[in-house]
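Data block below; observations after.
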Amino acid sequence: MITIEDLGKCYSDGSNEIWPVKKINLCINDRTFVSVVGRSGSGKSTLLKMLGGLLVPTHGRVLVDNISVYALSEKDIARYRSEKVGFVFQDFVLEEMYTVYQNVEIVLMIAKVPERLREKIIKQALDEVGMIHKKDVKVKNLSGGEKQRVCIARAIVNNPDIILADEPCGNLDWENGQKIMSLLRMQVENGKIVILVTHNKEDSQKTDEIITLQDGKIIKHENVRSI
Ligand code: ADP
Ligand code: MG
C-alpha cells in the first residue's frame, strides 16, 4: 500500500518558487491500477518521480507498506528503487546497441542478483511480454511497440511491488498501446500497484481509479470500477 501525506515539491531559483506538486494526500491499495491525468505541466511526472524514490520531496511523506521512503538512508532509498519499483517511460531509455536480453539483465546487475540466477528470471520476464523469441536481437532493430515491451520486461524482472509508467503508450499506435495496457493490467492481477500517466481517455477508463491533477493538486479522484 502507498500512502502519500502532504507531499509537495518546490523548485527555487533564488527569487521565484515553483511548486509542481502541492500538498497531495492519497492512498493506493495493492492490486490497483491507477491512472494520473492532467494537462502538461500539472505535476504528473514530478509526482511519479517522488513515488519512485527518484526525487526528494520538499515536504510530506511517501509511505510504502508503512515505511517512509525518504526517511531511509540514501543507500536504502536506492535499494527501494531497485527492488520495489519498476519504471516504464515514454522514451524508452534502452541501450540500443545491446540485445533485448542484455537490456533486461542490466536491471538485475544493478540489483546485484547473482549471474547464475539471472537467466531464468530474464527469460520469464521476456516470455511474459511476448519477446522471448527476440532475446538476442539488438534493441536498435526493434519496432517502437517491441521496444516498449522490453521496457515492461525490464520493469517487471525484479518482481517489484509498484510499477510506475509515465506515458508508456504515448508514441505507440493504437494496437501496440493496447498490448501495453493489457500487460500492465496483468501486473495488477498479479497483485501489484500500477500507476500510469496518460493523456488517453480510453486508457484511463481501463484503470481502476483516475486521479486528475491541476496545478500540482488533485482536483478529482474517481473510482472507475466498483469492486
Ligand atoms: P507534467 O508531467 O504533468 O507535464 P511535470 O511534473 O513535469 O508536469 O512539471 C510540472 C511543473 O514543474 C512544470 O511547470 C515544470 O516546468 C516544473 N518543473 C519540473 N521539473 C522542474 C525542475 N527540475 N526545475 C524547475 N521546474 C521544474
Ligand atoms: Mg510529464
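Quick rundown of the values:
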{"read-out": "Test: residue in segment 158-174 that is open to solvent by 40 Å² or more (accessible area, probe 1.4 Å) and modelled with pLDDT of 95 or more", "value": "yes"}
{"read-out": "Which listed residue, of I152, I195, is farther than 22 Å from V113 by Cβ and of a type in the set (A, V, I, L, M, F, W, C)", "value": "I195"}
{"read-out": "Residue count, segment 104-123 (criterion: modelled with pLDDT of 95 or more and surrounded by 14 or more Cβ atoms within 10 Å (Cβ to Cβ))", "value": "6"}
{"read-out": "Residue in segment 75-82 that is within 16 Å of ligand 2 (Cβ to nearest atom), open to solvent by 20 Å² or more (accessible area, probe 1.4 Å) and at pLDDT below 95 present", "value": "no"}
{"read-out": "Selection from segment 15-54 of residues that are part of a loop (DSSP other than H, G, I, E, B) and either within 13 Å of ligand 2 (Cβ to nearest atom) or within 24 Å of L72 (Cβ to Cβ) (or both)", "value": "N29, D30, T32, G38, R39, S40, G41, S42, G43, G52, G53, L54"}
{"read-out": "Cβ-Cβ under 6 Å pairs, at least 6 apart or on other chains, segment 198-227 side open to solvent by less than 70 Å² (accessible area, probe 1.4 Å), far side among the basic types (K, R)", "value": "D208/R225; T212/K220; L213/K44; G216/K22"}
{"read-out": "Which numbered condition Y101 fails, given (1) open to solvent by 20 Å² or more (accessible area, probe 1.4 Å); (2) under 30 Å from L172 (Cβ atoms); (3) within 12 Å of ligand 1 (Cβ to nearest atom)", "value": "(3)"}
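The values are calculated or read from the model by the stated rules, or taken from the named source; none is laboratory data. What you see is a predicted model; the values in this text were computed from it and never measured. Quick reminder, even Gly has a Cβ in these numbers, built from the backbone with ideal geometry, and neighbours come from all protein chains shown. Surface accessibility is based on the protein's heavy atoms, side chains included, excluding ligands, DNA and RNA. Shrake-Rupley method; radii C 1.70, N 1.55, O 1.52, S 1.80 Å.
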